[in-house]
Amino acid sequence: MTILVTGASRGIGREIAKNLAQKGNIVIANYNKSEEQAQNLQKENANIEIYKADVSKREEVKQMVEYVLKKYGKIDVLVNNAGISENKLFTDVTDEDWQKIINTNLYSAFCVTQEVLPNMIHNKFGCIINISSIWGMVGASCETVYSIAKAGIDAMTKSLAKELGPSNIRVNSIAPGIIDTDMNKNLTQEDIENIKNEIPLQKVGKTIDIAKCVEWLINDQYTTGQIISINGGWVII
Ligand code: NAD
């Protein structure tokens, strides 16, 4: 299959790209700033091609999708993974913060999905996986805008699953709990221990935990419109 993964130079996206490439798929790993990490990813994996684009910008997304379709003819799977988080009191959040977090986490998924969909609809086949977060499900203190963006992604997942089911396109979200990546590098060891104590499985998740779920969703044929939360039991609803 031909698979586009956004924000794939590091963390969860990188693991998703590596795992799918190892299984024989062609993976286009999008990245924005981490040039060196992206180059290494391509060097280490024969089935991975990297492509630089800021997925919060329509023109760059358009060019990326056009490039992939011209070269490979189709996109079977889209993983909307790119995202950023920010910790701030709600009263301190500026308009610029709002724009940046909404554009990077939510508008990007809207935009890439819109550009990819005509090809999937034409092929009557597609699988879209949106990486959201437990915070979109239950809300996070001091991460209100991030939580809004992730809840928006989950709403998009549910709506699109209904709209696109008749075209044989499945749309699902994976909502991770805490996963060991750079996104959490601001946490101290003490913070991590406190969080682990709140998690029934008593541990932080690994990027491969998410990558395995992505692989499963791609192979599955009857799951759509679902928010699958991989969180060690931290959030159970
Ligand atoms: P990360 O910071 O390591 O990776 C995020 C990736 O997104 C980076 O490669 C970054 O370059 C890319 N990115 C950011 N803005 C971009 C843009 N405009 N265009 C293209 N790429 C861009 O963090 P991660 O933990 O790997 O996060 C991956 C996804 O998982 C995010 O959507 C995040 O919100 C979600 N998530 C992470 C956790 C966690 O605990 N790590 C928990 C829940 C959800």
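Please give me the summed charge of the neighbours of residue 78: other residues whose Cβ is under 14 Å from its Cβ, Lys and Arg +1, Asp and Glu -1. Its environment carries a net charge of 0. When a 1.4 Å probe is rolled over the protein heavy atoms, the share of accessible surface on the chain that falls to carbon and sulfur comes to 51 percent.
Report summary: the helix-based calculation at 222 nm, which adds -39500 (n - 2.57) for every DSSP H run with n ≥ 4 and divides by the residues of the chain, gives -14500 deg cm²/dmol. Put 199, 236 in order of accessible area, highest first, and with a 1.4 Å probe you get 236, 199. Given their separation in residues at 0.36 nm each and the Cα-Cα distance between them, residue 95 and residue 66 gain 7.2 nm when the chain is fully extended. Counting heavy atoms of the protein chains alone, residue 163 has an accessible area of about 130 Å² for a 1.4 Å probe.
Its Cα gyration tensor gives the chain an equivalent ellipsoid. The semi-axes, each the square root of 5 times an eigenvalue, are 27, 19, 19 Å from largest down. Ordered by 1.4 Å accessible area with all protein chains kept, 164, 187 run largest first as 187, 164.
The alpha carbon centroids of the range 105-150 and the range 173-237 are separated by 17 Å. Accessible area per residue was computed with a 1.4 Å probe on protein heavy atoms; residue 198 scores about 110 Å². Length gained on full extension, residue 87 to residue 123, computed as 0.36 nm times the residue gap minus the Cα-Cα distance: 8.8 nm. On a per residue basis, the chain carries 49 Å² of accessible surface, using protein heavy atoms and a 1.4 Å probe. Heavy-atom accessible area for residue 51, with the other protein chains in place and a 1.4 Å probe, reaches approximately 40 Å².
Once you sort the root eigenvalues of the Cα gyration tensor of the range 43-115 as a ≥ b ≥ c, which label holds: rounded (a/c under 1.5), prolate (a/b larger than b/c) or oblate (the other case)? Prolate, because a/c is 1.5 or more and a/b exceeds b/c.
Among 132, 85, 147, the largest mean-square fluctuation in a Gaussian network model of the chain, built with springs joining Cα atoms closer than 10 Å, belongs to 85. Once the Cβ-Cβ distance of residue 237 and residue 40 is raised to the sixth power relative to R0 = 30 Å, the FRET efficiency obtained is 0.20.
The values are calculated or read from the model by the stated rules, or taken from the named source; none is laboratory data. The structure presented is a predicted model; accordingly, all values stated were derived computationally and were not measured. Here the Cβ is made from the backbone with ideal geometry for all residues, glycine too, and neighbour counts use every protein chain on show. We work out accessible area using only protein heavy atoms, side chains counted, and drop any ligands, DNA or RNA first. Shrake-Rupley method; radii C 1.70, N 1.55, O 1.52, S 1.80 Å.
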